[in-house]
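Reviewing the structure listed below.
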Amino acid sequence: MSNSLSRRDFLGAASGVAAGATLGLPLITHPGFPAVHIRQGSKNVAVASANGLRGVELTGRLVGEGMDTLDAAIEGVKTQELDPDDSSVGYGGLPNEDGVVQLDASCMHGPTKRAGAVGALEGIKTPSVVAKYVLLYTDHIMLVGEGAKRFALSYGFKEEDLMTERSRARWLAWRANRGPDDDWINVERGKEMVIRETGTININVVNSNGDISSVTTTSGLSWKIPGRVGDSPIIGAGQYTDNDIGAAGSTGRGEANIQVCGAFLTVENMRRGLSPTDAALETLRRVVATTEPRLLDEQGRPTFNLNFYATNKAGEFGAGTIWSGGRYAAFDGATAALHDIPYLYERE
Ligand code: ASP
């Protein structure tokens, strides 16, 4: 079975465009927005979270060889999903409070205007590929939990233990030191702060024809309440693609992103003419404005972090974050590198 979107879907998309043209309909209509013309792409570009350095290099190379943009982006994020040392994604991702790894992922394919997602998926190392199967083979957008697992198994995905020795040890240490009133005997952890780790990989890619895709995949917030689904599998929050404009995606506190539909908003900001970086920073200003007081410091700044990564159709790329010190990965058509992320607030 071929996983490639390229031929059948490309033909489908192309005939759709031709039909619109024959009817004399405008091909692009966006009521309520000024018409911003984003020049057609001329190079292959991929932009991602910092753990996506290997991923953008692979994605960029594969689209350069002619692979479909979504297929290539998924190959890119799989490098992290299958890496036992990336504790934020797929195999080796940190589990929920019960010690069960629950994975979220979503993707969009610009040329065919299709989307797929899975939430709280257990036992499958590559949720991004399952999300692509939802996109390819169903009339739905999102499958969750047990149903998502049964769907994956029906296509031959293998059910596996996603915990590594390292992630299990870290979960056991967290459980032991959970609180003074629980029934677990505390273990010595030195003076180290108990950090509640999060992480995710998002890749957005545009090829030299201006075709665009995006994918985000994560094990979500570590020690989360079982069943908690973050922003990553939410179309318009974890990632979003509009083949006329660009793509954007996110890592960081998912709850803050969901409240502003941040990936969608970032693409809309690019539609209004903002550069990818300015579009991301504008979305983050909205996040700050919509944050409840409980999560703000004395100066009204969020006590969490959130990042957006974006590329437009022309292959311009950028990113934005709330707090300084972060980096993002990009393939600029020739090489892959890490860049400092423009931010709203300087960390002290
Ligand atoms: N956005 C992810 C979530 O909330 C976590 C992260 O990227 O750190 O599930």
Accessible-area order (highest first, 1.4 angstrom probe) of the listed residues Lys158, Lys125: Lys158, Lys125
Residue pairs, from the table Lys132/Lys313; Lys113/Lys313; Lys43/Lys78; Lys224/Lys313; Lys78/Lys149; Lys125/Lys313, whose Cα atoms sit over 25 Å apart: Lys224/Lys313; Lys125/Lys313
Correct semi-axes for the chain, from √(5λ) of the alpha-carbon gyration tensor and rounded to whole Å with the largest first, are 33, 24, 17
Where both residues lie in the chain, what percent of DSSP beta bridges are antiparallel, nearest 5? 90 percent
Of every hundred units of 1.4 Å-probe accessible area on region 204-280, the number belonging to carbon and sulfur atoms, as a percent, is 52 percent
Can you pull the percent of Cα pairs in region 39-85 with separation above 18 Å? 26 percent
Please give the peptides 279-285, 72-78, 138-144 ranked by average Cβ packing (other Cβ atoms within 10 Å per residue), highest first, as a rough proxy for protection. 72-78, 279-285, 138-144
With every protein chain left in place, what is the accessible area per residue of the chain in square angstrom, probe 1.4 Å? 45 Å²
For a quick check of understanding: with a 1.4 angstrom probe and all protein chains in place, what accessible area in square angstrom does Met108 have, to the nearest ten? 20 Å²
18 Å cut-off, amide nitrogen to a point 7 angstrom out along Lys158 Cα→Cβ, residues in region 88-112: 90-93
Cα Rg, Dmax (largest Cα-Cα span) when computed across region 280-348, Å: 13.7, 45
How large is log10 of I(q)/I(0) for region 208-318 at q = 0.22 Å⁻¹ when the intensity is taken from the Debye formula with one equal scatterer per alpha-carbon? -1.12
If you line up the long axis of helix 145-154 against the longest principal axis of the chain, both from Cα atoms, how many degrees apart are they, to the nearest 10? 60 degrees
Would you work out what percent of the accessible area of region 109-153, with all protein chains in place, is carbon or sulfur (probe 1.4 Å)? 53 percent
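The values are calculated or read from the model by the stated rules, or taken from the named source; none is laboratory data. Note that the structure is predicted; figures quoted are calculated from it, not measured. Note that we place each Cβ from the backbone using ideal geometry, even for glycine, and neighbour counts take in every protein chain shown. Surface areas here come from the heavy atoms of the whole protein model, side chains and all, with no ligands, DNA or RNA. Shrake-Rupley method; radii C 1.70, N 1.55, O 1.52, S 1.80 Å.
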